[in-house]
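Okay, so here's the structure we're looking at.
Bear in mind these aren't lab numbers, they're just calculated from the coordinates by the rules spelled out. All values derive from a computational prediction rather than experimental measurement. Here the Cβ is made from the backbone with ideal geometry for all residues, glycine too, and neighbour counts use every protein chain on show.
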Amino acid sequence: MQDKVQSGVPEGRFTGAIEAQTSKIPSSGYLAAAVGAIAASAILKVVGKDDWSLFVGQWPAAFLLMGVYNKMVKQHGSDAYSKAA
């Protein structure tokens, strides 16, 4: 079964459960997590933990992407067809 909103088929329960939990986090929380990861990466670089600095330094993009997705779900809904039915 494909989860396509365009065809009128409701999204899966798994996706709905994830969105129910992530929608509880304010969008500014994702921004704070991204800024915190940037700061942590800079601190790790200063103290000489270069490998960890690079690892943590890749987190901000993921946090910002999750924040944008969260914002879109809150504004537009992810399963508009099943909510209208």
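On the basis of the beta-carbon distance and an R0 of 30 Å, Val68 and Ala40 show a calculated FRET efficiency of 0.90. Length available on full extension from Ile25 to Ala61: 0.36 nm per residue minus the Cα-Cα distance, which gives 11.2 nm.
Just subtract the alpha-carbon distance of His76 and Phe14 from 0.36 nm times their residue separation and send over the number in nm, one decimal. Mind showing how you got there, number by number?
Working: separation 62, 0.36 × 62 = 22.32 nm, distance 1.90 nm.
Gain on extension, His76 to Phe14, equals 20.4 nm.
Here the peptides 44-54, 29-39 are ranked by packing, the mean other Cβ count within 10 Å, and the order with the highest first is 29-39, 44-54. Each Lys and Arg adds +1 at its Cβ and each Asp and Glu adds -1 at its Cβ; summed about the Cα centre, the range 25-84 shows a dipole of about 180 debye.
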